[in-house]
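The structure under discussion appears below in the form of structure tokens.
Each reported figure results from applying straightforward, stated rules to the coordinates on display, with no laboratory input. Source: prediction; values computed, not measured. As a convention, Cβ positions derive from the backbone with ideal geometry for all residues, glycine included, and neighbour counts pool all protein chains shown.
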Amino acid sequence: MTQPTIETRSFQAQTKKLLDLMIHSIYSQKDVFLRELISNASDAIDKVRFEALTNPELATDGKIKLEPGKDGRTLTISDNGIGMTYEEVIEHIGTIAQSGSEAYAEKLKELGKDVSAPDLIGQFGVGFYSAFIVSDEVTLETCKAGEADGVRWHSKGDGEYTIERMPAKPHGTRVTLHLRAQTPAAADEEALPDTDSDFSDPWTLRKTVKKYSDFIAYPIVMDVEKHEVERDAEGKVVPDGKTETKLVEETLNSQKALWTRTVSDVTAEEHNEFYKHLTHDWHAPQQTLHFHVEGMQEFTALLYVPEKAPMDLYAREQKRGLQLYIKRVFIGAEVKELIPEYFRFVRGLIDSSDLPLNVSREVVQQDAVVARIKKTVTTKLIHFFKDLLAKDRPAYEKLWAEYGAAIKEAFHYDPAVKDKIADILLVKTTKGEGWSTLAEVAERMKEGQSALYYLTGEKFEVLREAPQLEVFAKKDVEVILLGEAVDEIVVGTLEKYHDKELKSAARGELDGLPESAEDKVKQDEQAGKYAGLLTKLKSLLAEDLADVRLTTRLTDSAACLVADEGGMSPQMERIFAQMGQAVPEQKRILELNPDHAVIDAMYQLAERPGTDDRLKDFGEMLIDQALVAEGSPLKHPAQFAKRVTDAMARAAIL
């Protein structure tokens, strides 16, 4: 055993801020700290039971014990779980870098003083620190299974902590809380429901465990006093007999695994508390899906959609996946093979009866049973979302606002389900601010309209004002507005919705719109009139453009840029650039509005003998104006600014 050496360390700066928040923020429910610490203990027992599958020496009956010390105002929570090493304590307790503390602090700064701390803490996995809600001093003693030394960690939440090695004990963890003195709320403070709760009182602990942790799979026990009166041989109480007081270990929870119960027997409140235990989220889930599957495969799924998307939902290193149990034995957390990438926001567990208990991580990755479970879970979720869309539109719109971009990744990861996902897509359009399904947009198509039109970009605000939409507004044709990066993949994969072609409003020739005979005659006349102008501009601007042509796309703007039918959109170019992939130069097409005064003025210049240098300048200005209008960066912003000021100066002289 190494000689004990007490080491004093400072908390990471952001950890210190978090502790201060825990201590001084007003919480609506202080008793959630007990749920968090019991949940951590349950997780630790899960892990040691899994290790025992390959190391029988670690086999044990898991137990969590509460030890209230009313005289000293302490509470100890102990478990016989996996425990932690010296290094693991420093990594997981001494810092919270992995918990996103930097992003947490930034979020607090964004939201200002009115932030509700519990609304955010659940997003960062900092359950252990909830101990400081009710404590002014915390001691943690832990011993990792199979290690020679134990570890003692201590902090008063004042910016520092001490850590030392100690003689080995049976594996597990023991957390002792030195409870704060109970002080009534100040007259000007809002009274909290549990301000006077005494967490060194057995009755309070019994009530809190029943409220939050009744479903924990391991016994949560506490020593309680039982008074036994003297009885005679027949079992009758002896008058004036002796009364003996004994300490008896009482189990406080039912230990009934929630997912093993009949679906209809589980209440919403029970689901809410189990979800919070499972995820350490402070919110209840916004949706719950609980089902049993029997037949060729047998498993139970308990799935939850969180109220809010985690801030790392789109981060590559984000932890994802479902918990896996086999016949109620915990096998692993974050098993990503159980659920598709585009449903990674779903939390929960799978309990299978068909996998062997000694399944390895490598087997999970390749097992055919796991693949079938994933396929069934995917189908169930799609059907669940489709039903929700039909039966509770506001709830589905709320879900889509949080997770729609992730769901749309299905078009990339799993094209086989594209038609099913298309039925649950919600989109913004030029008709109002609300959400629409593709079916609803198709139902609103105009007579003579042959395609569903869409426009992609980076911001809905810019898309709504895009010049490419002008003719659609004039003809009252609805256009789908797609303002997320993943939308380029969606339209590239989907191509059609049922029998309706999806067509870009900013790519290729514009056709398929209702058109009168008079419009066609006018277009033929303008094509003849401006042929010379187009020829000259094509020659002058050939270095930057693939083509110059007239368009019926515009009514107010002088010009716009569009991609060729098979060309890459500016949005897709930016996506490839952000991924660090080389993109071949994409020359686009400049479309001119033959009804605009500027185009007529350029026509007059083109008709003069010789070549007027201003014609090229005007053409390049139109290109830059079109880029600005669609929200794209200019290649030469300084040159554009000079051309504009020169044009202004000439106009002022005239």
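Positive contributions from Lys and Arg (+1) and negative ones from Asp and Glu (-1), summed over other residues with Cβ under 13 Å from the Cβ of Ile82, come out at -3.
How many angstrom separate the Cα center of the range 450-465 from the Cα center of the range 404-423? Using only Cα atoms, the two centres lie 20 Å from each other.
Might you report the magnitude of the Cβ-based charge dipole of the range 363-506 about its Cα centre, with Lys and Arg at +1 and Asp and Glu at -1, to the nearest 20 debye?
380
The mean sequence distance of close C-alpha pairs (under 8 Å, at least 6 residues apart), as a share of the length of the range 416-504, puts its relative contact order at 35 percent.
Based on Cα contacts under 8 Å between residues 6+ apart, the range 392-452 shows a relative contact order of 21 percent.
Residue ranges 492-504, 207-219 sort as 207-219, 492-504 when ordered by packing (mean number of other C-beta atoms within 10 Å per residue, highest first). Straightening the chain between Thr260 and Asp392 buys 44.8 nm, computed as 0.36 nm per residue apart minus the Cα-Cα spacing. Counting only Cα atoms, the range 258-399 measures 43, 37, 27 Å along its principal axes, largest extent leading. Phi-derived couplings, Karplus 6.51 cos²θ - 1.76 cosθ + 1.60 at θ = phi - 60°, listed residue by residue for the range 533-542: 4, 4, 4, 5, 5, 4, 6, 5, 10, 4 Hz, with x used for Gly and Pro.
Here the Karplus curve 6.51 cos²θ - 1.76 cosθ + 1.60, taken at θ = phi - 60°, turns the phi angles of the range 344-351 into couplings of 5, 6, 6, 10, x, 8, 10, 10 Hz, with x standing for Gly and Pro.
Relative contact order for the range 469-562: 44 percent, from Cα pairs under 8 Å spaced at least 6 residues apart, divided by residue count.
Highest mean first, the peptides 36-43, 481-488 sorted by other C-beta atoms within 10 Å per residue fall in the order 36-43, 481-488.
Label the range 416-504 by shape, choosing from rounded, prolate and oblate, from the square roots a ≥ b ≥ c of the eigenvalues of the Cα gyration tensor; if a/c is under 1.5 it is rounded, and otherwise prolate applies when a/b is larger than b/c, oblate when it is not.
oblate
If you take all other residues with their beta carbon under 11 Å from the beta carbon of Gly448, and give Lys and Arg +1 and Asp and Glu -1, the sum is 0.
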